[in-house]
Amino acid sequence: MSDARESAWHRVVVIDSFVLTVALVVVIAAAPLPTFSQSNPDVETFFRQSIGLSQDQIAAIRSGQPVTKNLPSRTPAEVFLFGAVYIHAAPESYVQFAHDFDRLRKLPSYLALQVFSNPPQLSDLKDFSFDNDEIQALKNCKPGDCKIQLPASSIEEFHRSINWSAPDVNEQVNQSLQKTALKRLLTYQREGNQALGVYNDKHDPTEVPQQFAYMLSYSKALPERLPDFYQYLLSYPNAKPANVEDAFYWAKVKFGLKPTLRIVQTVTMRGNPADQVAYAIAEKQLYSNHYFETALDLSFCVRGSDDQKQSGFYLIMAMGSEQAGLTGPKGSIVRKEAVGRSVSNLRDALTTIKHTLEGNQ
C-alpha cells in the first residue's frame, strides 16, 4: 500500500476508533450560535443556514435521531465532520462519559492509555514506546524522509545518542523517546503552542502551531459566543478562564495497520447555569507519531429543554484534522471513500452515546 493510501485509510479507521471519545472541532458554524431550545425555531435557522441541513434532517435531530455530514474544507488536506443529536439526559452525563478513561482502556483499539500526573512525571510514560518496526525505521530516518512524524532535532538526537548495534537498542530508543516526550510536554505547559514545533519527516515541513491556528480560524462562531475559550486554545497557558480545567493523557491506539502514539490535552469549559452552552470540551493533539499532523476535537453540550422533569441537550459534534495523503487524483478518490465511511461511523457513535446516556437515567 502506498504512503498516501495508507495515510488516508488510517483516517477511516481513526474515525472509527476515536469518534467514541469526544469530538467537535470549532468548525461547527460560520454564523453566531442561536439560542437553543428543543422547540425554538432558532435551532432550525442554525442547522439550515449555517450547516446546510434539510428540513427532514432537522426534524430527525429533533426526534432524537443523529444526523452527520461532511463540512466543506479549504484545502484537500483538511477533513471536517459535523454531527448532532438530541439527548434526553443532563449535560453533565456527557462530560462524565467523555472523561471516562477507564472506559477507553477497555476498548479493543486502545493498547495503552495513561493520564499524566500534575505536574507530569517520567513514570507516567513508562509504556510510551515505539514498536520494533518503528525502531528499525527510525534507524534510517533523516529530515525530510522518515516514516515517523518527528522534528528534525529529535531525528538528529536519536542518531547521536543511540548505539544502534547494542543489544539493548530498543530500550535505549524508548527511554530517549520518553524523556523527550516529557521535556516537550513540560515546555508546552510553560510556553504554549510554539513548543509544538515542526514535523520534518516529509519533504515539506509541517509547522504545527501555524497549522493549529489555521484550523481554529475556520470558525466565525466560537470567538463571538465563547471568546475566552477560543482565546485560551490559542494562547495557552495564558488567559485561562476561571471555568476551564485542563488534563493531559497519552494513548497508544491500534488503528488496523500501525499502533499510533498520541499525546492529547483536554480542555473542559463549564458554562454558567443561564448559559445556553452548558459545556464545551476540546481535545487538542499535541503529538502523533503517525497520520495526523494536527487534530482538534470539541463537543458542545447545548441546553435544549426547559422541562425540569426531563432535562435534555443537543450534543453538537464534529472532528477535524490536517494530514497528508489526501491530495492529487489518487488522494481525492481515497478521500471520498474515507470521508463517506467516517460520516457513517460518526452517526453510529452519536447513536451509542445517546443510548448510553439515556439508559443511565
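Readers should treat all values here as calculations from the given coordinates under stated rules, not as data from a laboratory. The structure displayed is predicted, hence computed values, not measured ones. Cβ coordinates were reconstructed from backbone atoms using ideal geometry, including for glycine residues, and neighbour counts include every protein chain displayed.
Can you tally the net charge around Glu191? Count Lys and Arg as +1, Asp and Glu as -1, for every other residue whose Cβ sits under 13 Å from the Cβ of Glu191. Show your work: numbers first, answer last.
Values: positive: Lys183, Arg184, Arg190; negative: none.
Net of charged neighbours comes to +3.
Restricting to lysine pairs 8 or more places apart or on different chains, what number in segment 102-189 have Cα atoms under 26 Å apart?
12
What are the ³J(HN,Hα) values, in whole Hz, obtained from phi via the Karplus relation 6.51 cos²θ - 1.76 cosθ + 1.60 with θ = phi - 60°, for each residue of segment 346-352 in sequence order, with x given for Gly and Pro?
Values, residue by residue: 5, 4, 5, 5, 4, 4, 4 Hz.
Can you give the translational diffusion coefficient of segment 125-269 in µm²/s, computed by Stokes-Einstein from the Kirkwood radius over Cα pairs at 20 °C and 1.002 mPa s? The partial results should precede the final answer.
Working: Rh = 17.1 Å.
Answer from the Stokes-Einstein relation: 126 µm²/s.
By how many nm would the segment from Arg62 to Asp275 grow when fully extended, if each residue of separation counts as 0.36 nm and the alpha-carbon distance is taken off?
Numbers: separation 213, 0.36 × 213 = 76.68 nm, distance 2.05 nm.
Contour length minus the Cα-Cα distance gives 74.6 nm.
What is the extension gain from Ala213 to Lys139, computed as 0.36 nm multiplied by their sequence separation minus the C-alpha to C-alpha distance, in nm to one decimal? Intermediate results must be reported in sequence, preceding the final value.
Working: separation 74, 0.36 × 74 = 26.64 nm, distance 3.27 nm.
Full extension from Ala213 to Lys139 adds 23.4 nm.
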